[in-house]
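The values are calculated or read from the model by the stated rules, or taken from the named source; none is laboratory data. Bear in mind the structure is a predicted one, so any value in this text is a computation, not a measurement. Here the Cβ positions follow ideal geometry from the backbone for every residue, glycine too, while neighbour counts run over all protein chains shown.
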Amino acid sequence: MLQLSKNPTIDTAVKLAGVTVAMFAFVFVVMVPLYNVLCDVLGINGKTSGEAYTAVEVKVDTGRTIKIQFIASNNAGMPWEFGATVPMMKVHPGAVNDVLFFAKNPMPSAMVAQAIPSISPTRAIEYFHKTECFCFNQQPLDGESSAQMPLQFIVDQDLPADIKTITLSYTLFDVTDMANSAVAKR
């Protein structure tokens with residue numbers, strides 16, 4: 001049996017530190033890629049690219065209507081009020097559409113948020129193009145203040161005919177500490 005030192009307390013601390021490092025590595029080296037593969041295979045958690053769509057000339061398909069649902073939620077510990085000004089809208093493929101989301105920071109101090117989008121069904125991801133989105137950037141908001149945040153999107157006219165409803169979901173995260181540490185490093 002391997003003996004690290006003559007002090008059993010130090011041996012235990014070293015072993016615990018090794019187990020902690022191994023668990024951390026397992027989560028980030030194995031579990032994150034495995035999660036992404038499972039999401040792709042099962043068609044869940046439709047992550048979007050987070051980049052603005054460069055519009056190309058398209059024709060609006062007025063003979064077809066797609067229902068767009070908006071869902072907004074807060075990550076645990078995020079105290080903001082957050083949501084779309086409308087829960088749903090009907091759009092024509094190829095048309096430019098605008099919707100506003102609202103955010104209210106009820107806390108007395110400034111906070112910074114980041115919205116992470118998800119689209120379902122996942123087959124619709126490549127046909128849902130955001131030309132302007134509050135999710136592209138972090139959203140700072142002073143204490144006890146509110147803001148309206150725009151979203152502009154186009155549903156591609158090549159969307160498969162069997163997709164009649166697209167759900168766009170945003171989860172809002174508190175990234176205040178991360179934003180503050182990034183500013184402090186400059």
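When the residues of the stretch 85-109 are narrowed to those that are more than 18 Å from Ile125 (Cα to Cα) and in contact (Cβ under 8 Å) with a residue 60 or more places away in the chain, which ends up farthest from the chain's Cα centre (by Cα)?
Checking each candidate, the answer is Thr85.
Residues are listed down the side, and each one gets a yes or a no for (1) within 17 Å of Leu159 (Cα to Cα); (2) assigned by TED's automatic domain parsing to the domain that holds Ala161; (3) touching a strand residue (DSSP E or B) at 6+ places or on another chain (Cβ under 9 Å):
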residue: Phe82; (1), (2), (3): no, yes, yes
residue: Pro87; (1), (2), (3): no, yes, yes
residue: Lys90; (1), (2), (3): yes, yes, yes
residue: Ala95; (1), (2), (3): yes, yes, yes
residue: Phe102; (1), (2), (3): no, yes, yes
residue: Pro108; (1), (2), (3): no, yes, no
residue: Met111; (1), (2), (3): no, yes, yes
residue: Ser120; (1), (2), (3): yes, yes, yes
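Considering the stretch 121-131 alone, what residues qualify as being more than 24 Å from Gln148 (Cα to Cα) and within 15 Å of the chain's Cα centre (by Cα)?
Of everything in the stretch 121-131, those that are more than 24 Å from Gln148 (Cα to Cα) and within 15 Å of the chain's Cα centre (by Cα) turn out to be Thr122, Ile125.
Among the numbered criteria (1) at pLDDT below 80; (2) under 28 Å from Gln157 (Cα atoms); (3) surrounded by 11 or more Cβ atoms within 10 Å (Cβ to Cβ), which single criterion is violated by Leu4?
(2) is the only condition that Leu4 fails.
Residues of the stretch 58-84 being in contact (Cβ under 8 Å) with a residue 60 or more places away in the chain and of a type in the set (S, T, N, Q), which ones?
If the condition is that a residue be in contact (Cβ under 8 Å) with a residue 60 or more places away in the chain and of a type in the set (S, T, N, Q), then Gln69, Ser73, Asn74, Asn75 are the ones that fit.
Please go through the stretch 119-136 and pick out each residue that is in contact with a helix residue (DSSP H, G or I) (Cβ under 9 Å, 6 or more places away or on another chain) and assigned to a strand (DSSP E or B).
Within the stretch 119-136, Ile119, Lys130 qualify.
Filtering the stretch 31-87 down to residues that are of a type in the set (Asp, Glu) and within 20 Å of Phe101 (Cα to Cα), which residue is modelled with the highest pLDDT?
Checking each candidate, the answer is Glu81.
Sort out which residues of the stretch 115-132 are more than 19 Å from Lys67 (Cα to Cα) and buried (at least 18 other Cβ atoms within 10 Å of the Cβ), and write them in order of number.
The one that is more than 19 Å from Lys67 (Cα to Cα) and buried (at least 18 other Cβ atoms within 10 Å of the Cβ): Ala115.
Looking at Pro108, Pro160 in this structure, which one is assigned to a loop (DSSP other than H, G, I, E, B) and out of contact with any helix residue (DSSP H, G or I) (no Cβ under 9 Å at 6 or more places or on another chain)?
Answer to the check: Pro108.
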